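Have a look at the structure below before the remarks.
The values are calculated or read from the model by the stated rules, or taken from the named source; none is laboratory data. These numbers come from a predicted model, not from an experiment. Note: ideal-geometry Cβ built from the backbone for every residue, glycine included; neighbour counts use all protein chains shown. For accessibility, only protein heavy atoms count, side chains too; no ligands or nucleic acids. Shrake-Rupley method; radii C 1.70, N 1.55, O 1.52, S 1.80 Å.
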Amino acid sequence: MSRPPTFVPPPGTRARALHTARGDFAVLDASPRTAPRGTALLLPGFTGSKEDFIALLEPLAQAGYRVVAVDGRGQYESDGTDRQESYAQDELARDTLAQTAALGLGGSAVHLLGHSLGGLIARAAAILDPAPFRSLTLMSSGPGVVVEPQRVKLKILGDALTTMAMDQVWEAMRVFDPPAEAETDGEDLRRRWMRHRPAQLIATGRQLATEPDRVAEVAATGLPVHVVSGERDDVWPVSQLDAMAQRLGARRTRIEGAEHSPNADRPGPTAAALVSFWDSL
């Protein structure tokens, strides 16, 4: 999971509910002091939340962009159901389209960014209807299924979530964390985990383990695409992300010193790369 440096929004950021035709979603909404040069919608990854982007909000707003990071349905502070079918990828993609419409931009298109699982949802939304989007950024999000060791972990987690309480699963997961992470992580991560819907985790974990290659469908949208990752990634090999970017004719950025979550590992260079891409359009 991504480990944001803090769960406290930076100055100028509103924590609010985004009211859409498909329900309310918790967001962090950061705006520049002058008229925005563009608006970006950020979708978090598996077990994550809008706070995963918290270190990006201030630099992106200072660069002139309005940035809205969202909890998907059943994630952290956004409500959800206990039915796994509620979290089918098509449903989550339609949520993204509804969130985009609710930003109230009229005819202005949105820069859509998804991290990891969020990238799979973002591309599904763009395939469903590319019209509301100015660009698509896939951050540490690959062409299809995650690597086999991750698929094994997802199967173990899914099985545990069907038989154990969320707090029991949390304690079991913590046993396998590196000692440094176990010592430094606070109560915020546990609170976030406890507010996820188990059905959301089971359904989206299954998506990560079974996702087909949809790169050709993304290319057919005609959207400008940016593929961003760290130098190393244990979910999708960096070589896969390189090849995907070539197939898409996409801009490709590797963030030095970052791993699966460049948004949290190296927010400064990551924000600079995003601004450079969006400015180029």
Kindly provide the set of residues from the stretch 255-281 that are more than 26 Å from Thr39 (Cβ to Cβ) and among the charged types (D, E, K, R), ordered by number.
-> Glu256, Glu259
Helices (runs of 4 or more DSSP H) wholly in the stretch 127-240 with at least 2 residues that are surrounded by 14 or more Cβ atoms within 10 Å (Cβ to Cβ) and of a type outside the set (Asp, Glu) - which ones?
-> 148-163, 166-174, 187-195, 198-210, 215-221
Which listed residue is outside any helix (DSSP H, G or I) and among the acidic types (Asp, Glu), from Asp90, Asp79 | Asp79
Limited to the stretch 111-145, what total is found for residues that are at positive phi and among the aromatic types (Phe, Trp, Tyr)?
-> 0
All positions within the stretch 241-281 that are open to solvent by less than 40 Å² (accessible area, probe 1.4 Å), among the aliphatic types (A, V, I, L, M) and either assigned to a loop (DSSP other than H, G, I, E, B) or within 22 Å of Ile54 (Cβ to Cβ) (or both) | Ala250, Ile255, Ala258, Ala264, Ala271, Ala273, Leu274, Val275
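Is it the case that the stretch 209-216 has a residue that's within 17 Å of the chain's Cα centre (by Cα), more than 15 Å from Leu113 (Cα to Cα) and at pLDDT 95 or above?
Let us first name the residues in the stretch 209-216 that are within 17 Å of the chain's Cα centre (by Cα), namely 209, 211.
Applying the additional criterion that residues be more than 15 Å from Leu113 (Cα to Cα) yields 209, 211.
Filter again for at pLDDT 95 or above, leaving 209, 211.
Yes, the stretch 209-216 contains a residue that is within 17 Å of the chain's Cα centre (by Cα), more than 15 Å from Leu113 (Cα to Cα) and at pLDDT 95 or above.
Residue-wise test of (1) open to solvent by 10 Å² or more (accessible area, probe 1.4 Å); (2) in contact (Cβ under 8 Å) with a residue 40 or more places away in the chain.
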site	(1), (2)
Arg22	yes, yes
Val27	no, yes
Pro32	yes, no
Gly45	no, yes
Lys50	no, no
Gln62	yes, no
Arg66	yes, no
Gly74	no, yes
Ser78	no, yes
Any pair with Cβ under 7 angstrom, 6 or more apart, that starts in the stretch 219-232 at a residue that is farther than 18 Å from Asp265 by Cβ and ends at one that is open to solvent by 50 Å² or more (accessible area, probe 1.4 Å) and of a type in the set (Gly, Ala, Ser) | none
Could you please let me know if Glu85 is among the acidic types (Asp, Glu), open to solvent by 60 Å² or more (accessible area, probe 1.4 Å), closer than 26 Å to Leu56 by Cβ and at pLDDT 95 or above?
-> no
Say whether the condition of being over 24 Å from Pro143 (Cα atoms), touching a residue at least 40 places away in the same chain (Cβ under 8 Å) and touching a Lys or Arg at 6+ places or on another chain (Cβ under 8 Å) is met by at least one residue in the stretch 245-263.
-> no
Report, by residue number, each residue of the stretch 103-126 that is farther than 17 Å from Leu92 by Cα and either part of a helix (DSSP H, G or I) or open to solvent by 20 Å² or more (accessible area, probe 1.4 Å) (or both).
-> Gly104, Leu105, Gly106, Gly107, Ser108, Ala109
State which residue is modelled with the lowest pLDDT when the search covers only the stretch 23-55 and only residues that are hydroxyl-bearing (Ser, Thr, Tyr), more than 19 Å from Thr81 (Cα to Cα) and not in a strand (DSSP E or B).
-> Thr34
